[in-house]
Amino acid sequence: MKSLSLILKFSLVFFISSLVFSYSLQTEDIKIKIINGVPTVYNPKVPASLQKIVLKEDLVISGEKEGVEYTLSDIRSVQVDEEEIIYVLDLKDVRVKVFDKNGKGMRIIGKKGQGPGELQLPYRMYLISGKELMFYDISNRRISYYSLDGKCLREISTRNQMFERTMTDSKGYIIGYFFIPGEMYMHELKKFDSKLNPVMTLVTIEEKRTPYVIEMLDPTLQFRLMENDNIAWSHPSSYEIFIVSPEGKTLRKIVKDHDSVRITEAEKKKMIEGRTVPPEYKIELPEYYNPLYYFICDEDGRIYVRTYERDNKGGFYYDVFDSEGRNIAKFSIPGNELLFVVKKNKMYAVMSEDGNEFSSVKRYSVEWQ
């Protein structure tokens, strides 16, 4: 009996040790190093342990059932509030079309024009603290803020600033991105107060530029504001995402190993199709796509990166990183869709029917396994 007891104890210790070792094997491939005081998270091509994400389509909004005024034609932004009300910026008629969580039209926000309280060319729309809609109107050269029921609250002239893109955080600070092509490419991410007085420069990057060459891949930075007003930014040439605090301190660097995706001859042909090139210029067609195309952040600090990697049906893969920068999941959606919002276990994507403008919104329920 004593011998049997010893065997059982040994077996139990071995079993527990095996569990601990197994867990170590699953997590050791994600490495974290402190480089120049910044935690840097190195993610492998294929993490040992990925969560499975199950998506189920539960709503498609085209607006057609709600009448002509709600029909969607050229979607540029989608936002979703705490009540799951869906705000869709349609650039064709320069209006925000508002739908309830069941897809029923509720109201129309905005009026096209150049006067006070009007919008002319707002390429993007952002939801600020769940209370206001913010627009950067590049034609009227101003930032406009609207209440969720459609009242224009205030406008700020941007005539003295050449923003490429801009967003506003929960405290009213404005984050502006400047892209200045010249002999060098200059990228700057700057922070301003609510009256556009400069506060600080967050990011400055200079990179070489070949004269008289037209680059076919987007060279501009990607950046997003996170729920806690941290800023996530990335340069498209590398799979690296930096997290910066509202005070300008780099909190984390996320790195992902990846396989480069080759650009096919058919894709190269499509890139230059119909383009007029001045005689002194030439087009540069790279062999590979940039590592990442686009990313968004959710309310829990996760980052969703759309890559150029495709599934066997032509859909694009997204890599998901948790709030600590670890690659925790991977999923794909159809190639004619682009993810815009992840909120309350739902994903909202815009969808193109003809391969050109986005003309409907699709919502997925999300199950993490």
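Things worth noting here:
- Computed from label points 7 Å out along Cα-Cβ, the spacing between ASN197 and MET162 is 2.6 nm.
- Take the Cα of ASP322, go 7 Å toward its beta carbon, and the backbone nitrogen atoms of the range 273-307 under 13 Å from that spot belong to 301-303.
- Here r is the Cβ-Cβ distance between GLU240 and LYS111 and R0 is 41 Å; the resulting FRET efficiency, rounded to 0.05, is 0.45.
- Amide N of the range 112-150 lying under 15 Å from the label point, which is placed 7 angstrom from the Cα of VAL68 along Cα→Cβ: none
- Between 0 and 90°, nearest 10: helix 2-27 axis offset from the chain longest Cα axis: 20 degrees
- Counting only Cβ charges, +1 for Lys and Arg and -1 for Asp and Glu, the dipole size of the chain around its Cα centre is about 580 debye.
- Distance from the alpha carbon centroid of the range 292-310 to that of the range 225-249 works out to 13 angstrom.
- Only one item in (1) 0.98; (2) 1.13; (3) 1.19 matches Cα Rg over 2.2 N^0.38 Å derived from the coordinates shown, and that item is (2).
- Separation of the range 265-288 from the range 153-206 is 31 Å, based on Cα centroids.
- Remark: the range 222-234, residue by residue, has Karplus-estimated 3J(HN,Hα) of 9, 8, 9, 8, 9, 4, 8, 6, 5, 10, 9, 9, 8 Hz, where x stands for each Gly or Pro and the curve is 6.51 cos²θ - 1.76 cosθ + 1.60 at θ = phi - 60°.
- Note on ILE272 and ASP259: their simple-model spin labels are 2.8 nm apart, each label 7 Å out from Cα toward Cβ.
- Cleavage-rule hits (trypsin sites (Lys or Arg not before Pro)) in the range 32-129: DSSP loop, at most 16 neighbouring Cβ within 10 angstrom: LYS45, LYS52, LYS92, LYS101, LYS104, LYS111
- Coil-residue trypsin sites (Lys or Arg not before Pro) of the range 247-330, DSSP, other Cβ within 10 Å capped at 15: LYS249, ARG275, LYS313
- Each residue of the range 308-320 is assigned a 3J(HN,Hα), and the resulting list reads 9, 6, 10, 8, 6, 10, x, x, 9, 8, 10, 9, 10 Hz, derived from the Karplus form 6.51 cos²θ - 1.76 cosθ + 1.60 (θ = phi - 60°), x at Gly and Pro.
- Chymotrypsin sites (Phe, Trp or Tyr not before Pro) within the range 163-264, DSSP loop, no more than 12 other Cβ atoms inside 10 Å: TYR212
- Mean Cα-pair separation over length for the chain, i.e. relative contact order, pairs under 8 Å, 6 or more apart, %: 16 percent
Rule-based calculations on the coordinates, nothing more; no lab input. Bear in mind the structure is a predicted one, so any value in this text is a computation, not a measurement. Heads up, the Cβs are rebuilt from the backbone with ideal geometry, glycines too, and the neighbour counts pull from every protein chain shown.
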